[in-house]
Structure formats: structure tokens, C-alpha cells
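The values are calculated or read from the model by the stated rules, or taken from the named source; none is laboratory data. Only a predicted model underlies this, so the values are computations on that prediction, with no experimental measurement involved. Don't worry about glycine lacking a Cβ; one is built from the backbone with ideal geometry, like all the others, and counts go over all protein chains shown.
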Amino acid sequence: MSSKSNPTAQELVQNEYRAGFVTDIESDTIPPGLSESVVRQISNIKAEPEWLTEWRVDAYNRWCSMHEPRWAHVKFPPIDYQAISYFSAPKGDKPKSLDEVDPELLRTYEKLGIPLHEQKVLAGVEEDPSIAPVAVDAVFDSVSITTTFRETLKEHGVVFCSFSEAVQSHPDLVRKYLGSVVPKSDNFYAALNSAVFSDGTFVYVPEGVRCPMELLTYFRINAQNTGQFERTLIIADKGSYVSYLEGCTAPMRDENQLHAAVVELVALDDAHIKYSTVQNWYPGDENGAGGIYNFVTKRGTCRGRRSHISWTQVETGSAITWKYPSVILRGDESKGEFYSVALTNNRQQADTGTKMTHIGKNTTSTIVSKGISAGQSSNAYRGLVRMNPGARESRNHTQCDSLLIGSKCAAHTFPYIESRRKDAIVEHEATTTKVSDDQLFLCQQRGISPEKAVSMIVNGFCREVFRELPMEFAVEASKLLEVSLEGAVG
Amino acid sequence: MSLLEVSNLFVSVDNRDILKGVDLEVNAGEVHAIMGPNGSGKSTLANALAGRQGYSIESGCIRLDSVDVTSLEPEERSHRGLFMAFQYPVEIPGVTNIEFLKTAVESHRAAHGCNEISAVEFMRNLRSLTARLELNPDFLKRGVNESFSGGEKKRNEILQMLCLHPRIALLDETDSGLDIDALQVVARGINEFRSPANAIVLVTHYQRLLNYIAPDYVHVMMDGRVIKSGDASLALALEERGYGWLEES
Ligand SMILES: Nc1ncnc2c1ncn2[C@@H]1O[C@H](COP(=O)(O)OP(=O)(O)OP(=O)(O)O)[C@@H](O)[C@H]1O
Ligand SMILES: [Mg+2]
């Protein structure tokens, strides 16, 4: 007797994580534990000005009296904040040029396909002269290793450097804007980040400048039992434009690791910030062991007239994702956008979405969320659209689609609308579909392998969002989904 | 030469025996019609031949071009030239017809060691096929079968067949749900496809399709077996007398 054992849709989505290797390098690490003295120690290592040290200590004190939010649709055992180390950096001084960077680190980025040499573009994209190079800030554990294309950017007046450097070189800008979008005590994780943030990226684009290339920060968590708490601040002055990309990976480890970042965007009159993320933190194994807890606060303020902020995210990694890139539409006629693909597999949990707060007149926001759940994962969209009393004739359109692969996963949608205006237009559409075995069989009958079929279906589902990504990232995102969905057949 | 050879095939679905010893031999250049009452196992046969999951082959054997394919994956059978048009085509929203057809054609080419076809050539070919089937070119940009009418879905099955030019095409009730004009268009498509190198197995309930596509053989299935085979005149007899007289004999 022979029985066909074609893979079911479910069996096709076994995750193989390709960025899971560990870099063997010596690090300076502050021992686990958190106290005011650890906060001061971090500030001291970074030779920070006193106002910043006190800012951190204040955040720490506020954090001590706060509690972890419990409203998200995710489950995890309590985190022992005293068991985490809050600072880890490769030994030695910060390298001044690429030649001084530890070859082991260079190999790490090479393996990950991130170009630290200026002539190269992102791996996976053929050397095409029509594609502009990408400037990279490489953050390894708690510190920035190197930032490329600084000279070219400087010619245009664009500042692109690690956060620590910006504290020294542009203290006024940092002081003016740090915490101006995400206040220190905004939420539990933001307060924690404000106390212990290590490094991250700072971008300033001067008035009227169109940033000549994409800016990329690549975050890599390597050290064990270490949290990553980076801080990103992007300021686009009047009439400027910048496209910023963020990528991230981590080794496969058995225990969970905490990543609690804060990102603040400020767009002044007529400025446009396009922020794209491809998040591929280690998701844990198929039984749910290990993986990153990705608890991130991202928010942008459209501070001027016709300011424009768009978030595009492709979230495939992390054991738990808890993030809501948001836009505060303060300036009249300003515009906020959120395009999201969140894929969860195995035991991954994602509770993600956005918050659009309309304050100015004639403000508009667009939300497109695509959730893909496979395995026993849980994927929730949570979105808030708020129309304040002054937001005359403002509008929002929300499109929220879920795709289920297999029968043990779950998708949830929690749309909240708070409107204080009668003339506001708020539209919400939602759909849920399932990749069926019938669809897979149709593809197979036409000669398409099941793996290819699933990735074709998923790519089709995500098209609207991928269209928003810069070309280099669209290629990477599409490949990443393919890898995440690739699997043991049969 | 025999393109398809089914011998003594027993198939169960959900532990229920459905096919109880089917024999069928189809040679290049032939058209076979399979008829039979509802639930007699026609679609089960087509699905089992295509290798669908859940259709357990308890015994017997399926050969394509003299090669035993009984344990091959559906896509491998497809690469070897077996095509099945579905009685109930499913929708794949979000994946455009073009993308789907291109992926299918490339999968076939890759399986045969051929290079990718140029997008221009592919589209030229596709447009001419769409025109032949009197399909609106906009269909190509829509999701696979997404909100197509019943008849449009069936025509789309034939479009897929013409793109992949299989050696043996199993068409499961491709005529049901077609209006009179569409039936003619589909029949014309099938007749143009018909050649001495390939073969067609038509599953149908009605003589009207066979008026356009003359079968060389007609088989009647009942309760999981082929109980009678004959030439085109058998279909006419069934049209007139139904299935009852066969049961009695
Ligand atoms: N998944 C299943 N589980 C149990 N029985 C099934 C299943 N699929 C098919 N059957 C049964 O197998 C028998 C044959 O079904 P099949 O679809 O092959 O018939 P058919 O000849 O194509 O009928 P029709 O002319 O109505 O299309 C039917 O009795 C049907 O109920
Ligand atoms: Mg049938």
C-alpha cells in the first residue's frame, strides 16, 4: 500500500534561521543587574554630559515605579530585569577606520550581507549602477562599529552617525529633541530604554536637502544575556527628505533576549521621512525556546505644515513583537502612513500596529497591515486612530488583512477609533483568508513546488506593502519571507 | 504508444474505498470520454492520477509514458506532462494570473533543464492564447480565478492547459457551467490542442460537448469501476437511455 504524503500548507512553513551564528569576540560587559549606579556607569563609559546622566537617572527612577504593560495579546513568563546585562561592547577603542575593525566583525557583516565597504551595495542586489549606494551604521551589541559614506553625506550637510557620537558632536540638537516625541516615562520599556540606552543612530537632514542616498542602520545582538537598548533620533528640517532603513538579526540562543528600542522621528514643515524596517531577530525554535523579545517604541511627529512620515515594516523575526510605530499629525495638512507585513510562525507572537493621532487640520493617515500567521503562532493587529477636536476635515483609511497558513494559528484585529469630530472620515476594512490545501494542490498540479507556491501566495498578499520599500529592501524582504516559509517537505 | 496506463487501481479517501479496480489505457492521439452517474468516482480517478493528497492508492499502478508515477509528487507528474482541469477551480487571491502562469511555465522549463523564457515572448504567447479563448486581457492581471464567473474559471483552466501544452489532459467537467457560446470557444480550444502527440480524457455528463469533440472511446464508470467501454455511439445510447440498463446487465 502506498499513500501520498504531500506536504500540507502547515508543513511548508518550518523556519530556518540563517543569521543564527555567534561571533567569537571578546567583549567588555557590565555584569547583569540594574541600579542607579549601573545607569551612571553606562553614562560614564560614554563620557556623557551631566544633563544626559541626570536625564537617564530620572528615567530610571520613573521606571522603578512603573509596571510592564499587560494589555497586549502576548504571553510570556516574567522577565528578571536583574539577570540582564545592560552594556556589552567589543573590547578596545572604537576603530577609526575600517582597517582597524576586528576582522571577525567584518566577517560577521559579510556573512549577513551588509556592506561595510563603500563601493558595495546590499547583498542580493546585483551591482547595478542605477542603484544608489547605501550608507550603513553598523551597531554590534551596545555600540556602533562604523558608519560609512560619512564624507559624501557631510558634503550635503547630512549628519549620519552613532547616537553616542552625536551626543558629543551635536549636543544641542540631541538635547533639544531627545525625548520630545517619546517622553521618558511614556511606557515601561521606553523608560527602561531612556535609562540604559547604549547606542543607536542619529540623523539630521538640513533645510531643503534631499538626502542623496538611503541610510541603513544594521543592528546585531551577539552577546549572551545582554539586552539591546538602542536609541534612534531622526530630524528632518524644513523641506528635506530622507529614506532610512533598519535591519536586525541575532544568533540562535536558547534563552530569550530583550530588545527595547526607542525611535523618535521629527519632521518639520514640508519634510518627508520614510522609515523602513526589515526585522529579522531570532524568532526562537519551533517549540518556542529562545528568541528575542522585541518591545519597541517608535513614534514620529509631523511637527510642521505638510510634514509627512511613513513607516514601512516587515516583521519576520522575534519570539514576541510588541510595537506600534505611530505618527502624531500635529501640523496642518500633514500626512502619516503605516505599511506593515508581520509574519509569525511556530510559537511566535506578534502584537503590532500603529497609532495615528490627528491634531492638525486636513491631516490624513493611511494604514495597510498584512498579518501572516503559520504554525501555532498568534498575530494581532492593534491600531488606534484618534481625531482630536482641532483636526478639521481629517481622514484615515485602514486596510487590515490576515492570511492564515495551517489550522493552529490565530489572527486578531483590534481597531480602535476615537473621533471627536463629526467631519472626520475614518474607514476600516478587514479581511481574513487562509492558504488552503486546495490552492496548494492547484499550484502543484501546474508544476509549482509547494514551497514556491506558498511564497508566491504570501508575496502576492504582501504586494501593497513591498511596493513601499526601497528596491534593495524589497528584494531582501521578499527573500526573507521565502526563507521564513521554507521548509521540511514531506 | 500508451501515454497513460492505469492498471487495477484501488483508491480510498478518508478510509472509504472509492475506486475498486480501474483499468484504463490511453494512447497518443486519442480522445477518451468518461461518463457515469454522480458519485461514481470520476473526479476521484482524476485526482488520484494527479497525485492529490488524501487519495490513498491501496493497490494498482499508474504509468505515464511507461514510467511508474504512482509514488511521484503532483508537480513531478505535471512536469511529465499530466494536466488536470478542475471540476471546481479554486481562487488564489493576490496572485495574478500572469504571475501564476509564468511561475508554472518556468517550473516546467526548469524541470526540463530549459532557460527562463523572455518576458516579452511569454506575454506575446499569452496574449494570443487569451484572444483565442475570447478572454478579456484584463483577466491576466486579476488574481487567479478571483471573482471569475463559473464559466470564466473553466475557460481559465483551458488557458492554463494551452500554456503548459501537456501530453495528457484530464478535463473534469470542463463543460459544466458554460453558456452555449463559451462551450464552443472551449471546444475549439480543446480541438486545436488535440494532436497526434497528445491525448485527452474528458469527464462529462453530456453529449453536447462530445458533439464538438468526437471521442475515440467512451467509458462508463459506476461504483468505482469502469463497467462498460465502447465507441462514440455509447455516449449517444446513454443520452437516450440513461444508466439504468447498464446496471441491470
Ligand atoms: N473526501 C471524501 N471523503 C469521503 N468520501 C468522499 C470524499 N471525496 C469523495 N468522496 C466520495 O467518493 C465518491 C466519488 O466521488 P467523485 O467526486 O469521484 O464522484 P464523481 O463521479 O466525480 O461525481 P460527480 O459526477 O458528481 O462529479 C462519492 O460518493 C463521494 O461522496
Ligand atoms: Mg466529479
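Let's see how each residue does on (1) under 28 Å from B:Thr130 (Cβ atoms); (2) away from ligand 1 (no atom under 16 Å from the Cβ); (3) in a loop (DSSP other than H, G, I, E, B):
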{"position": "B:Leu19", "(1), (2), (3)": "no, no, no"}
{"position": "B:Ser40", "(1), (2), (3)": "no, no, yes"}
{"position": "B:Thr44", "(1), (2), (3)": "no, no, no"}
{"position": "B:Ser59", "(1), (2), (3)": "no, yes, no"}
{"position": "B:Arg63", "(1), (2), (3)": "no, yes, no"}
{"position": "B:Ser71", "(1), (2), (3)": "no, yes, yes"}
{"position": "B:Glu76", "(1), (2), (3)": "no, yes, no"}
{"position": "B:Tyr88", "(1), (2), (3)": "yes, no, yes"}
Return the total of residues in region B:22-42 being within 13 Å of ligand 2 (Cβ to nearest atom) and crowded, with 21+ Cβ neighbours inside 10 Å. 6
Kindly provide the set of residues from region A:410-431 that are hydroxyl-bearing (Ser, Thr, Tyr), surrounded by 14 or more Cβ atoms within 10 Å (Cβ to Cβ) and farther than 12 Å from A:Ser369 by Cβ, ordered by number. A:Ser419
Say whether the condition of being assigned to a strand (DSSP E or B), within 14 Å of another protein chain (Cβ to nearest Cβ), in contact (Cβ under 8 Å) with a residue 40 or more places away in the chain and acidic (Asp, Glu) is met by at least one residue in region A:394-408. yes
State whether one or more residues within region A:211-218 are out of contact with any Lys or Arg (no Cβ under 9 Å at 6 or more places or on another chain), modelled with pLDDT under 90, surrounded by 18 or more Cβ atoms within 10 Å (Cβ to Cβ) and aromatic (Phe, Trp, Tyr). yes
Region B:194-221, residues that are in contact with a His (Cβ under 8 Å, 6 or more places away or on another chain) and surrounded by fewer than 18 Cβ atoms within 10 Å (Cβ to Cβ): B:Asp216
Tally, over region A:47-61, of residues that are under 18 Å from A:Asn187 (Cα atoms) and surrounded by fewer than 18 Cβ atoms within 10 Å (Cβ to Cβ): 3
Inspect region A:429-436 for any residue being in a strand (DSSP E or B), touching a Ser or Thr at 6+ places or on another chain (Cβ under 9 Å), touching a residue at least 60 places away in the same chain (Cβ under 8 Å) and aliphatic (A, V, I, L, M) and give the result as yes or no. no
Residue that is surrounded by the most Cβ atoms within 10 Å (Cβ to Cβ), among those in region A:443-459 that are within 25 Å of the chain's Cα centre (by Cα) and at the interface with another protein chain (Cβ under 7 Å from one of its Cβ atoms): A:Ile457
B:Gly54 is checked against (1) under 25 Å from B:Glu247 (Cα atoms); (2) within 12 Å of ligand 1 (Cβ to nearest atom) and fails just one. What number does that condition carry? (1)
Search result, residues across region B:22-38 that are outside any loop (DSSP other than H, G, I, E, B), over 12 Å from the mean Cα position of the chain (by Cα) and either within 9 Å of ligand 1 (Cβ to nearest atom) or over 24 Å from B:Arg80 (Cβ atoms) (or both): B:Met35
I'm checking my understanding of the structure. Among residues of region A:77-114 that are in contact with a Gly (Cβ under 8 Å, 6 or more places away or on another chain) and polar (S, T, N, Q), which one is modelled with the highest pLDDT? A:Gln82
Quick one: which of A:Thr354, A:Thr344 is within 26 Å of A:Ile425 (Cβ to Cβ) and of a type outside the set (A, V, I, L, M)? A:Thr354
Here the residues within region B:60-98 that are farther than 24 Å from A:Lys434 by Cα and at the interface with another protein chain (Cβ under 7 Å from one of its Cβ atoms) are B:Thr70, B:Ser71, B:Ser78, B:His79
From A:Gly331, A:Gly353, grab the single residue that is surrounded by 24 or more Cβ atoms within 10 Å (Cβ to Cβ), in a loop (DSSP other than H, G, I, E, B) and at pLDDT 85 or above. A:Gly331
Failed item in (1) touching a strand residue (DSSP E or B) at 6+ places or on another chain (Cβ under 6 Å); (2) facing chain A (nearest Cβ under 10 Å); (3) not small (Gly, Ala, Ser), with B:Leu101 passing the rest: (1)
Residue check for B:Leu49: within 14 Å of another protein chain (Cβ to nearest Cβ) and in a helix (DSSP H, G or I): yes
Would you mind stating whether B:Phe10 is within 12 Å of chain A (Cβ to nearest Cβ), at negative phi and surrounded by 21 or more Cβ atoms within 10 Å (Cβ to Cβ)? no
Within region B:172-190, is even one residue within 16 Å of ligand 1 (Cβ to nearest atom), among the hydrophobic types (A, V, I, L, M, F, W, C), over 18 Å from B:Asp231 (Cα atoms) and within 14 Å of another protein chain (Cβ to nearest Cβ)? no
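Every residue, every condition in (1) in contact with a strand residue (DSSP E or B) (Cβ under 7 Å, 6 or more places away or on another chain); (2) within 16 Å of ligand 2 (Cβ to nearest atom); (3) of a type in the set (Lys, Arg); (4) modelled with pLDDT under 95, yes or no:
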residue	(1), (2), (3), (4)
B:Phe10	yes, no, no, no
B:Ile18	yes, yes, no, no
B:Leu45	yes, yes, no, no
B:Gly54	yes, yes, no, yes
When the residues of region B:100-158 are filtered to those that are closer than 22 Å to B:Ile180 by Cα and touching a residue at least 60 places away in the same chain (Cβ under 8 Å), which remaining residue is surrounded by the fewest Cβ atoms within 10 Å (Cβ to Cβ)? B:Arg132
Check B:Glu5 against each of (1) touching a Lys or Arg at 6+ places or on another chain (Cβ under 8 Å); (2) closer than 22 Å to B:Asp231 by Cβ; (3) within 16 Å of ligand 1 (Cβ to nearest atom) and name the one condition it does not meet. (3)
